[in-house]
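The values are calculated or read from the model by the stated rules, or taken from the named source; none is laboratory data. Computed from a predicted model, the values in this text were never measured in an experiment. Cβ: placed from backbone, ideal geometry, glycine included. Neighbour counts: every protein chain shown.
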Amino acid sequence: MECLTLKKSNCKNCYKCIRHCPVKSIRFTGNQAYIIGDECIMCGQCFVVCPQNAKQITDETEKVKVFLQSGVPVVVSLAPSFVANFDGVGIESMREALKQLGFYDVEETAIGATIVKREYDRICNEEGRDIILTSCCHSANLLVQKHFPKLIPYLADVLSPMQAHCKELKKRIPNVKTVFIGPCVA
Ligand code: SF4
Ligand code: SF4
């Protein structure tokens, strides 16, 4: 899925995005910038630096509304960083607010982080590997996969906290749909 796209009409061909792209996965044709999906590691830098607001992050609000109207339980996996956006608001208030919007429940993605940590411990203790690259960051993993493929064998084959949490929710709650709310485009 293309998470980041470009509003063509907005681009003013200033080259700022390509200067800041760590993997130079932006090309220009017809005086317009576009992202090379196969090379992009979804770090979001081009989105941050574009003075024309030309980069667009995929909006899945409508998809979530369809989930909520479908009658199946929809559970939010909430990144703990929400406290940075909602000063003084705790998980209970977030749960209450999201339940009012129709969500079945809300849990912190930290549950997934605990699962991931256990898996890292297991790999370190049981697999006897000399080098293990571990990162919960999708961009770091994409960097290895797309730009340093020789290092792929060293990557720990572990889900991200978001994925691990949603997988666990799907085991625990029949027919559940999961929605991740977090600060990271990747
Ligand atoms: S930073 Fe924005 S306006 Fe400048 S070239 Fe890139 S997309 Fe276009
Ligand atoms: S998201 Fe990052 S890697 Fe992808 S095009 Fe933008 S700056 Fe480059």
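At a glance:
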{"quantity": "Of all residues making up the range 155-179, the number that are exposed (fewer than 15 other Cβ atoms within 10 Å of the Cβ) and either in contact with a helix residue (DSSP H, G or I) (Cβ under 9 Å, 6 or more places away or on another chain) or part of a helix (DSSP H, G or I) (or both)", "calculated": "5"}
{"quantity": "The one condition in (1) in contact with a helix residue (DSSP H, G or I) (Cβ under 8 Å, 6 or more places away or on another chain); (2) over 26 Å from ASP38 (Cα atoms); (3) not basic (Lys, Arg) that GLY182 fails to fulfil", "calculated": "(2)"}
{"quantity": "Number of the condition not met by GLY30 [criteria: (1) within 20 Å of the chain's Cα centre (by Cα); (2) more than 9 Å from ligand 2 (Cβ to nearest atom); (3) surrounded by fewer than 16 Cβ atoms within 10 Å (Cβ to Cβ)]", "calculated": "(1)"}
{"quantity": "Condition met for THR114 (over 20 Å from VAL23 (Cβ atoms), assigned to a helix (DSSP H, G or I) and not hydrophobic (A, V, I, L, M, F, W, C))", "calculated": "yes"}
{"quantity": "Residue among ALA33, ALA110 that is in contact with a helix residue (DSSP H, G or I) (Cβ under 6 Å, 6 or more places away or on another chain) and of a type in the set (Gly, Ala, Ser)", "calculated": "ALA33"}
{"quantity": "Positions within the range 70-85 being under 14 Å from the mean Cα position of the chain (by Cα) and surrounded by fewer than 13 Cβ atoms within 10 Å (Cβ to Cβ), in sequence order", "calculated": "SER81"}
{"quantity": "Yes/no for VAL74 being in contact with a helix residue (DSSP H, G or I) (Cβ under 8 Å, 6 or more places away or on another chain), more than 11 Å from ligand 1 (Cβ to nearest atom) and assigned by TED's automatic domain parsing to the domain that holds VAL144", "calculated": "yes"}
{"quantity": "Restricting the range 117-154 to residues that are in a loop (DSSP other than H, G, I, E, B) and polar (S, T, N, Q), the residue that is nearest to the chain's Cα centre (by Cα)", "calculated": "SER135"}
